[in-house]
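Step one of this worksheet: look at the structure below.
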Amino acid sequence: MTIERPYRLSDFEFNLPDELIAQEPANERDASRLLVMSRGGGLEHRMFRDILEYLREGDVLVFNDARVMPARVYFIRQSGARVEFILTGRLDELRWTAICNRTSRIKIGETLRAQGDETVTIRVLARGAEDFTIESGVVLDDGVLETIGVVPLPPYIRRDHSALDVERYQTVYARESGAVAAPTAGLHFSTELLHDIAARGVEFAYLTLFVSWGTFQPVRHEDLSLHRMHSERFILPEASAAVINRARAERRRVIAAGTTSLRVLETTFHEGANRAAEGVTDLFIYPPTTLRSVDALLTNFHTPRSTLLMLVAAFAGYASIMEAYREAVANRYRFFSYGDAMLIL
């Protein structure tokens, strides 16, 4: 499949039956399936714990250690009506951006109290095109949010939050709180599997991308050059940059565990090396962009017409990815956050 013109939104459409959208995690983290794709050609159907067979001594696995906040909070209006807010970004100690399931009814200047603790209040400061700016009466740190909030499951998981999600919609190595969506490729790693990978001589490097709710925003323009990517905060520490750059200099493989890790690595890659940095990225990667910072990518299966599908197509090649996705659908792989994984070598 060769496209001579610039890639367009409709080029990233594929048939995805609703029943393949995973609503629950696998029974065990590393018990999901793994589709292994070689960019030289060929697909293999494996289980996730088989990833050990594809890793070798000296590889560097780069993980996003962002921790998902309990950012879905129910508030009570003065009328007694309950509304749902998702905190989508911290502006300062007390102010946030947030989306609400009752957008048309919320008034500027309105004060609401948290369902889980009526002493916690918010005031609506402003309305944007797709969100609100709110100000809390107290600092909404993790301690407060764990009392009044729950993990915000993705919009395509069509069920109520459960106790299982507290554990499973979080990587086992999550440390830096601030994300409102999980770096989902990392959900497949159990503590035991990480121990086995390290024993093989694989090095780990950690960075942070605070995944925002914008990750679920659709692309609305057929002309991809018109799409404006959402912004997300990132941190690439000096120690991690050193591990990654040393591996590259010694011709060892750098493997991104997830598209979020890859976006940070591409953002910070300059003149053949990754530079430690802390900032904001709105990098939009789509074919025919050439990615330079990694040798392999671990990722979940993504939404049709999404920026994440475009990113993996840029890395692996458009025709190869679209063929792999058709194969995944035909073989009943599970898609999206709680779905199966793909290793692109």
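Anything in the stretch 135-152 that is touching a residue at least 12 places away in the same chain (Cβ under 8 Å) and outside any strand (DSSP E or B)? List them, or say none. Write out each step before concluding.
The initial filter retains those residues of the stretch 135-152 that are touching a residue at least 12 places away in the same chain (Cβ under 8 Å), namely 135-140, 142, 144-152.
Across the stretch 135-152, the qualifying residues are 137, 138, 139, 140, 142, 144, 145, 146, 147, 148, 151, 152.
Can you pull out every residue in the stretch 19-49 that is surrounded by fewer than 17 Cβ atoms within 10 Å (Cβ to Cβ), closer than 28 Å to residue 241 by Cα and modelled with pLDDT of 95 or more?
Answer for the stretch 19-49, where residues must be surrounded by fewer than 17 Cβ atoms within 10 Å (Cβ to Cβ), closer than 28 Å to residue 241 by Cα and modelled with pLDDT of 95 or more: just 38.
Look through 330, 314 and report the one residue that is among the hydrophobic types (A, V, I, L, M, F, W, C), surrounded by fewer than 16 Cβ atoms within 10 Å (Cβ to Cβ) and modelled with pLDDT of 95 or more.
Numbers: 314 fails: surrounded by fewer than 16 Cβ atoms within 10 Å (Cβ to Cβ).
The conditions single out 330.
Show me the strands (runs of 3 or more DSSP E) entirely contained within the stretch 64-134 in which 1 or more residues are among the acidic types (Asp, Glu) and within 23 Å of residue 154 (Cα to Cα).
On the way: elements: 66-68, 72-76, 82-90, 95-100, 111-114, 121-127.
Here the list reads 82-90.
Which residue, of 136, 212, 225, is small (Gly, Ala, Ser), farther than 23 Å from residue 339 by Cα, out of contact with any helix residue (DSSP H, G or I) (no Cβ under 8 Å at 6 or more places or on another chain) and in the same structural domain as residue 51 (by TED's automatic domain parsing)? Spell out the reasoning first.
Details: 136 fails: in the same structural domain as residue 51 (by TED's automatic domain parsing); 212 fails: farther than 23 Å from residue 339 by Cα.
None of the others qualify; the one that does is 225.
I need every pair where a residue in the stretch 236-261 that is in contact (Cβ under 8 Å) with a residue 24 or more places away in the chain has its Cβ under 8 Å from the Cβ of a residue that is of a type in the set (Lys, Arg) and assigned to a loop (DSSP other than H, G, I, E, B), sequence separation at least 6 or different chains.
Between residues of the stretch 236-261 that are in contact (Cβ under 8 Å) with a residue 24 or more places away in the chain and residues that are of a type in the set (Lys, Arg) and assigned to a loop (DSSP other than H, G, I, E, B), the close pairs are 236/275; 241/275; 247/253; 253/56.
If you go through the stretch 1-33 one residue at a time, how many are assigned to a strand (DSSP E or B) and within 19 Å of residue 172 (Cα to Cα)?
We begin by selecting, within the stretch 1-33, every residue assigned to a strand (DSSP E or B); these are 8, 21, 33.
From what is left, the residues that are within 19 Å of residue 172 (Cα to Cα) are 33.
Matching residues across the stretch 1-33 total 1.
Here are 21, 51: which of them is touching a residue at least 40 places away in the same chain (Cβ under 8 Å), β-branched (Val, Ile, Thr) and out of contact with any Phe, Trp or Tyr (no Cβ under 7 Å at 6 or more places or on another chain)? Full working, then the answer.
On the way: 21 fails: out of contact with any Phe, Trp or Tyr (no Cβ under 7 Å at 6 or more places or on another chain).
It is 51.
Pairs, please: C-beta under 9 Å, at least 6 apart or cross-chain, first residue in contact (Cβ under 8 Å) with a residue 12 or more places away in the chain and in the stretch 326-343, second in a loop (DSSP other than H, G, I, E, B) and of a type in the set (Asp, Glu)?
From the stretch 326-343, the pairs are 328/340; 333/340; 334/340; 338/24.
Given the condition farther than 23 Å from residue 97 by Cβ and of a type in the set (D, E, K, R), answer yes or no: does some residue in the stretch 208-220 qualify?
First, the residues of the stretch 208-220 that are farther than 23 Å from residue 97 by Cβ: none.
For the stretch 208-220, residues farther than 23 Å from residue 97 by Cβ and of a type in the set (D, E, K, R): absent.
The values are calculated or read from the model by the stated rules, or taken from the named source; none is laboratory data. Not measured: the values here are computed from a predicted model. When we count neighbours, we look across all protein chains shown, and the Cβ atoms used for this are built from the backbone with ideal geometry, even at glycine.
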